[in-house]
1. Which residues' amide hydrogens lie under 5 Å from the amide hydrogen of A:Ser365, considering only partners 5 or more residues apart or on another chain, with H built in the peptide plane?
2. Which Rg and Dmax, in Å, describe the Cα atoms of the range A:183-290?
3. Take chain A, mark every one of the GluC sites (Glu not before Pro) that falls in a DSSP loop and has at most 11 other Cβ within 10 Å, then report the longest stretch left between them, sites excluded.
4. Given a cut-off of 21 Å, what percent of all Cα-Cα pairs of the range A:6-92 lie beyond it?
5. Tell me which residues come under 5 Å, amide H to amide H, from A:Gly453 once H is placed; ignore anything under 5 positions away on its chain.
6. Looking at A:Ala179, A:Met82, A:Val224, which one has the Cα that reaches farthest to the positive end of the dipole of the range A:10-482 (charges on Cβ: Lys, Arg +1; Asp, Glu -1)?
7. Treating the beta-carbon of each Lys and Arg as +1 and of each Asp and Glu as -1, no other charges, what is the dipole magnitude of the range A:104-258 about its Cα centre, to the nearest 20 debye?
8. Looking only at Cα atoms, what is the convex hull volume of the range A:10-482 per residue, in Å³?
Amino acid sequence: MITPPEISWVAIAPDLALAIGAALVLLVDVQWKPAPRVLGWLVGAILAVGAGLTILQWEQGADALASGDTESLVAFSGLITMDGFAIFSRFVLIAATGLGLAAGWRFVVSLGRRGAEATALVLLATTGFSLMVAANNLVMLFLGLEVGSIALYVLAGLARERRESEEAAIKYFLLGSFASAVFIYGVALIYAGTGSFEILGIRQHLNDFVISSPAVIYIGIGLVVAGLGFKVSAAPFHTWAPDVYQGAPAGLVGYMAAVAKVAGFAAIARILLTAFSDLADTWLPVVAGISVLSMVLGSVLALVQGDVRRLLAYSGVAHAGFIMTGVVGGATDGVLFYLAIYAIQLVGAFAVVAVVSGPDGAGSSLEEYRGLGRRSPLLAGAFTILLLGMGGLPITSGFVAKFGVFTDAWAQGYQWLVIVAVIASVVAFAFYIRVIVVMYMDDAGDEQPLRVGPERWVLALAVGATILWGIFPSSLLDLAADALPI
Amino acid sequence: MGKRMVETVIFVIAALAALAGAVTVVLARNPIYSAVGLLGTLFSVAILYVVQLAHLVAAVQVIVYAGAVMTLFLFVIMLIGVDKEEKRVEPLPRQRLWVGILAGAVILFAAGVALFGEFVWVPAAATAIDQEATNGTIQAVAEPLFTDWVLAFEATALLLTIGAAGAVVLAQFKRKRA
């Protein structure tokens, strides 16, 4: 006789809402063929429900933590948790999805009858990544990763009419599958070395036993970090990023990049800082090395790009390096704060790209931004603030985020890493300034103001968040500090 | 000759067959040969599963991979045309050499680690599995699948949905004239 499993609806409520929402979008589209506007409201409602349920989870999790009852935070026989870390990351994911869909909505509408499938794929990708950030089990984490990634591969190829989009999808798919295989092999080796798939089980094993010859575990950690490093486009696993960012439909790139980074880094932080915290001496140098390589390579290569999307891709590589310094610093709140800030800025920056190069355009040459300051002053102003925020100018949120991860790494004894990171930030500033100079100092070839659709709300929110949390960061910092993994 | 010896011999034969199949997949000029090579690899791996007493996995491997997936592969190859041999023009002359050297170095490193590194596998993982599971019965697989792992099982349903929706959305498109 099989005893039925215990179902914890609370633990999966937001994911369930998103998954059911995706099915609903598909079915409503088949049955009633609604206008894009109706579809938009439906998706908005689904995301609002998901976000609301996430906030409810937060309350529940805070109660459980206050009463010291961490057991109740683990659900489904240890497959997933609802600790603060998971809920915070999940909220960031849902917020990025809402903003990203708004930024890409003109593209979704331009797909016509295929728009519903595209929307459903976005919702499913978020569901997958949301399960991934909550996973307390490496198998569950892998499944979430695959659900999210495979949906993203399809999204990259949505503008298949253009060769670039097809190329982006194929490249992303082939390299991504390879990275997933590397990741799962690492998981297998970790299982062989510790006898457990569970994050907490692995930590327990490493606590209880002295590992006399840990080669298997070391290789396992290395492969897992390599696999996830691909997803967050950390060097040397970043080569796909510029081509995919350039080829994928402009409206959706911000969403794709943001959720992959958030989920990937949440998984890296959870695995390294929770499961393998006892082996920190072995993985710290490796992660610090990846961090340095990403920062240096990303910043230097971004300097020479003539295309804004490729520039943002390489700056994303540099940002992956900055976030890695937070992982080296060993504090999850710095990483989470950075992720939240960066995800919003990234979606905002790509909303500008979507306006300038058209919702499904290929590439976004720097030439197109010439004289944007005169052509569309508000758009150029928003882009300027977002770029300065990414660069980490004081009184923007980017500065607070960088300051946080750098101080963590400094306290951990990685002063040299922080020094490299600060130099890389200065170099990174140069290419952000370069875009700004092009926008304001040059004459426009075309004086016609650009048409801004729903992107304006995304930009307003992103700019607002960048300035607000740059001046009053404590509201978000406190939340991130409460968002601890179990 | 002990049980261990028999296992080792079977392992070596099946592993060599699997490798030979994999090499055929990469080197064969005719795609049909590649497909048949893959079939050989899949069957050899199924034998390895049987040696590990995972009879159900072995059966699934044969039915799903060697049966269904291979049929699909052959179907696609037949649709595209068997007689088209690959053109032997080298588009990436230098990269291929570097990749070869790199792959060789990695393989040597892995072999070195396997030979000289002291690997310790955790026996706890093996003892945790009960006797029924080691007999490879369907029940022993099904019960954890629908109890402890039910959420992971359901998450794979999302994958199928993505597959269906993704295929629909990618298949319907009109190529703009370049």
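1. The answer is A:Val308.
2. Using the Cα atoms of the range A:183-290, the pair Rg, Dmax is 15.6, 52 Å.
3. Maximal segment without exposed cleavage sites: A:7-446.
4. Value for the range A:6-92: 38 percent of Cα pairs lie more than 21 Å apart.
5. none
6. A:Ala179
7. 340
8. 125
Bear in mind that the values in this text are calculations on the coordinates, not laboratory data. Here the structure is a predicted model, which means the values were calculated and not measured. In this analysis, Cβ positions are derived from the backbone assuming ideal geometry, glycine residues included, and neighbour counts consider all displayed protein chains.
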